[in-house]
Amino acid sequence: MGHQWVGAALVGMGRGHSGRAEHAARTGRHVMRAATRIEVLEVYCGTCRVRYDDRQALAPCTGAVAARIA
Ligand SMILES: [Zn+2]
């Protein structure tokens, strides 16, 4: 099975007392407008956590197997 790539990203929450920061801290969610550029820190598989640029990324996803063991 193939890896399910996700990107860990940085999203600005504003300076000082910010309603955006308050909401994100309370709910763990933030809605952005489409076409907003964000900084992606890292791309990895959401299932098995292998990094996109890791050699192991060439192997099939082991997430399902790891989940059964854990
Ligand atoms: Zn994977």
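Nothing in this text is a laboratory measurement; each read-out follows from the coordinates by a stated rule. Treat the numbers as computed from the prediction; the structure is a model and nothing was measured. We place every Cβ from the backbone using ideal geometry, glycine too, and count neighbours over all the protein chains shown.
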Additional length obtainable on full extension of the chain from residue 27 to residue 5, 0.36 nm per residue less Cα span: 5.5 nm
Footprinting exposure proxy for 23, 17 (fewest neighbouring C-beta atoms within 10 Å first): 17, 23
Electrostatic dipole magnitude of the chain [Cβ: Lys, Arg +1; Asp, Glu -1; Cα centre; debye, to 20]: 220 debye
Computed Rg/Rh of the chain, alpha carbon atoms with Kirkwood Rh: 1.12
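What is the fewest-to-most order of 20, 37 by other Cβ atoms lying within 10 Å of their Cβ? Walk me through the numbers on the way to the answer.
On the way: 20 14, 37 5.
Least to most surrounded, the residues fall as 37, 20.
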Distance between modelled label sites at residue 53 and residue 17, nm, 7 Å Cα→Cβ extension: 4.1 nm
Sum of -39500 (n - 2.57) over DSSP H runs of 4+, divided by residues of the chain (222 nm, nearest 500): -6000 deg cm²/dmol
